[in-house]
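Here is the structure we will look at, set down as structure tokens.
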Amino acid sequence: MLVTVNCQKSEFEPDDLGSLEIRNIEIGTKNSKIVYAGSDLHIEGLIEAKHGLDQVKVEITPQVSGYGFAFDRTYKEGFNGLKEATFHQHILIPKGIKPGLHNFLFILKDLKGNTKIVRDTLKIENNPNLPEFKNAIFGMDGKVARVEATILAKLKIDRIELEIQSSVWNKAVIYNHDQIKGATSYVFSKGIDMTNAPSAHYHVNCTVYDQQNNKITRSFHFDK
């Protein structure tokens, strides 16, 4: 169950009630609150900050101390001063991490010092059949968003999807030709031309599906 807590250094002013909110939260794909070790954790939410946002902090800690994955990062660049923002990040959960339940915190702070905390639970699971990215390189090559990696799939690759998302421009390409479909190893080197894409903050997702519908996603983001 998701719980939200409002707190502040000093007493809340009546005008500040509801002044800092995060809605439509997703923790994991389709808000499943589950992520597999070796894959990216998708997190997203719509933030409203009446007094302007100062920062967003994400904390993940294992419910059993020292047993699992720990993460603590503050995001300020690109959010500071905004009154409305979409928070969308992908966090790589290392392969081999111990599975189990983890505490998840969103901590929002506005420019007036108000703080809002959203608490939830994240479950990390292991799937030994999950496809893998090896020697992955993600980034911009001139005006092309490019992904290069050796992809391994015990249960054979079904398809690879490369997707670019933003609030103003989206594009997706599916690769499932004969050299990919049915392979257990494939050297993937593809890109999407961004020449005609407008200036915005973009997320690039590369997802590999095997023939049993196991999937893994790796992501990066950039400003154009």
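Any read-out appearing in this document is the output of simple, stated calculations on the displayed coordinates, not a laboratory observation. Model, not experiment: these values are computed from the prediction. With ideal geometry, Cβ positions are generated from the backbone for all residues, glycine too; neighbour counts draw on all protein chains shown.
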DSSP-assigned coil residues among chymotrypsin sites (Phe, Trp or Tyr not before Pro) in the range 51-128, each with at most 15 further Cβ atoms within 10 Å: Tyr67
Net charge near Glu161: determine it from the other residues with C-beta under 12 Å of the C-beta of Glu161, scoring Lys and Arg +1 and Asp and Glu -1. +3
Once you keep just the Cα pairs under 8 angstrom separated by 6 or more residues, what percentage relative contact order results for the chain? 18
Whole angstrom only: what separates the Cα centroid of the range 63-108 from the Cα centroid of the range 163-224? 23
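Test of the criteria: in the range 29-86, which GluC sites (Glu not before Pro) are in a DSSP loop and have at most 12 other Cβ atoms within 10 angstrom of their Cβ?
Of the GluC sites (Glu not before Pro), the ones in loops of the range 29-86 whose Cβ has at most 12 other Cβ atoms within 10 Å are Glu77.
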Distance in nm between label sites at Thr29 and Asn196, each 7 Å beyond Cα in the beta-carbon direction? 3.0
Report the rotationally averaged projected area of the chain based on its alpha-carbon convex hull, in square nanometres. 13.4
One quarter of the convex hull surface, Cα atoms only: what value does that give for the range 18-118 in nm²? 6.2
